[in-house]
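The values are calculated or read from the model by the stated rules, or taken from the named source; none is laboratory data. All figures in this text were calculated on a predicted structure; none of them were measured in a lab. Cβ coordinates were reconstructed from backbone atoms using ideal geometry, including for glycine residues, and neighbour counts include every protein chain displayed.
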Amino acid sequence: MRRDSCILLLLGLSSSSWAGVTVQLPGLAVPAQYASRRDDAEKLFTTSYAAYKEFAFGHDDLSPVSKGFSDGRNGWGASIVDALPTMAVMGLEDIFEEAVNFSSQIDFSKSQTSDTVSLFETTIRYVGGLLSAYELSDGKFPVLVTKAQEVADKMAFAWVGNNDVPYGFMDFSTNTPQRSTSNIAEAGTLSLEWFTLSKHTNNATYGNLTSRSVKRIASLASPLPGLAAQGIDPTTGNAVGSYVTWGGGSDSYFEYLVKYARLTNTNDPVFIDTWKTAVDSSIKTLLKTSTVGNHTYLADFDGTRIRHVGSHLACFYAGNWLLGGKLLQNQTIIDIALDLNEGCWNTYASTATGIGPEAFAFISSDGSFTGGSTPSAAQTAFYNQHGYYITSSAYILRPEVLESNFHAWRVTGDTKYLDRAASAIDSFNKFLPATVAFAGLNNVNSVNGGLIDDEESFWFAEVLKYLYLTFDDPAHISLDEWVFNTECQPFKAPPALDSYAGSGTLVKAKPFKVQSGVVPAFSPNAFLPARK
């Protein structure tokens, strides 16, 4: 049952009530002909969650083909907690309160599986979901803060001694970390959630721990100015390797730099300065245009050579650059972000299903090196038609392309972004239905490629929330009033400043020396082939 006025106590404010820099197009409204699409997005959610409740309730993920479940996030009911803010945003009060009741009884003192606990995944899904739901319900359920604090207190043991950077995985049964190398996404994607926890507990320790980690990463010499190497050793606090990417393993570290500046209104310039330096370096070195179709992408850099590769995960960058470009009032960044968004959308528009692949590659005027095998005849033919070729054909219900599309709509008001979101809904309804609910695809370029028997919690948290909000009143969860974590969990932002210029200068480059070490796999998914 929907009772909008009961849950959404904070959400009806117009962005016009805020002073300072604005992100959204003023006066933006969704044309009436798109109104039913919000209901379509909500139906995807309610259908999926009903199946989850019937076949997997209390477990992390529904297995929608076999009508089973899996527990890849320590068995604490990730889909419930991750879905809490989406329920609040959609005004689904009955299942929201049921989910709050479940969350209030989670035993975070130990993993319910034999797995170690990922600081990154647990922070963005559990801590983020709990705290966002608390804010979206106007503080009605303080137990949500209590539970977030419980799990954060366990994860705090990942900071050992005077280390600035936490280890990435914890054994909750002994409160000891797994002492291994990490990556900058794991170590640098905690700050929004832990700052918010500090705010609601009046305990600055949480935010101080995570901002210290980010500032350590930002202080390191890097392969390209502002673009930290992907690997980091928490024991020494030093970089490992020299790989640079806006994709997995690095992505949300860069994402959070500018978001932290907006959420906190900090007067410390390191966050904005590092982000704009990363963007500046990316424009100078990583920004590439395909030789077919003139599609715009950000390449990777392996310390020696450009790698002409892209990924679904990396496609968040368009939305992030739109947000940062608006905050910095930099039209060049905004324009390039819109070009990047076009490149990422092309990966959807060009496939047989209208859904984009996990990973792809391209050719630009400076070459075609990817670090992997040369493209096959079929890949070359696909490239010659579409300006990219698929290197990993799966779709595991990821949100990033729709995330950037949402930002493009809210920033520009161009209804082509509404048309694209509607197209995605149609593709999901046509190609993703499983035995129950919806499942990912083995091959986005085949209408009969088969389904992946997993429905990760970010389907509830991200994909369906971004789609819903694309067609919802833009004053609801305005980008001028809320900051999203990397799991699309909104946190209430203070009134915007008049400027987010940082110090007004870029970060000065330091001499970089490669340090060898093992860089761990990022957010591994059992349903994807292992990365080489």
Residue that is nearest to Asn341 (Cα to Cα) [pool: residues in the stretch 277-326 that are of a type in the set (Phe, Trp, Tyr) and assigned to a strand (DSSP E or B)]: Tyr297
Pick from the stretch 348-366, criterion out of contact with any helix residue (DSSP H, G or I) (no Cβ under 7 Å at 6 or more places or on another chain) and of a type in the set (S, T, N, Q), ranking: surrounded by the fewest Cβ atoms within 10 Å (Cβ to Cβ): Ser365
Pairs where the first residue, in the stretch 41-63, is farther than 25 Å from Asp107 by Cα and the second is modelled with pLDDT of 95 or more and among the β-branched types (Val, Ile, Thr), C-beta under 8 Å, 6+ apart: Ala41/Ile425; Ala41/Thr470; Leu44/Ile425; Phe45/Thr86
Test set (1) at pLDDT 95 or above; (2) surrounded by fewer than 19 Cβ atoms within 10 Å (Cβ to Cβ) - Asn74 fails condition number: (2)
Val65 vs. criteria within 22 Å of the chain's Cα centre (by Cα) and either farther than 22 Å from Thr176 by Cβ or β-branched (Val, Ile, Thr) (or both): no
Long-range neighbours under 9 Å by Cβ, at least six apart or interchain, first residue under 30 Å from Ser63 (Cα atoms) within the stretch 369-398, second among the basic types (Lys, Arg): Ser392/Arg531
Yes/no for Thr264 being under 29 Å from Val151 (Cα atoms), β-branched (Val, Ile, Thr), at pLDDT 95 or above and more than 22 Å from the chain's Cα centre (by Cα): no
Every pair of residues 6+ apart whose Cβ atoms lie under 6 Å, when the first sits in the stretch 132-161 and is closer than 16 Å to Glu93 by Cα while the second is assigned to a loop (DSSP other than H, G, I, E, B) and at pLDDT 95 or above: Ser132/Gln489
Pair list, Cβ < 9 Å and 6+ apart or interchain, from the stretch 266-289 residues that are free of Cβ contacts under 8 Å to residues at least 12 places away in the same chain and more than 29 Å from Gly367 (Cα to Cα) to residues that are in a helix (DSSP H, G or I) and among the aromatic types (Phe, Trp, Tyr): Thr266/Tyr260
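Of all residues in the stretch 411-430, which are in contact (Cβ under 8 Å) with a residue 40 or more places away in the chain and either within 16 Å of Pro31 (Cα to Cα) or touching an Asp or Glu at 6+ places or on another chain (Cβ under 9 Å) (or both)?
Within the stretch 411-430, Val411, Thr412, Gly413, Thr415, Tyr417, Leu418, Arg420, Ala421, Ala422, Ile425, Asp426, Asn429 meet the criteria.
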Qualifying residue in the stretch 89-101 (condition: touching a helix residue (DSSP H, G or I) at 6+ places or on another chain (Cβ under 7 Å) and part of a loop (DSSP other than H, G, I, E, B)): yes
Qualifying positions in the stretch 165-191 - touching a helix residue (DSSP H, G or I) at 6+ places or on another chain (Cβ under 6 Å) and either surrounded by fewer than 18 Cβ atoms within 10 Å (Cβ to Cβ) or not in a loop (DSSP other than H, G, I, E, B) (or both): Met170, Asn175, Pro177, Ile184, Ala185, Glu186, Ala187, Gly188, Ser191
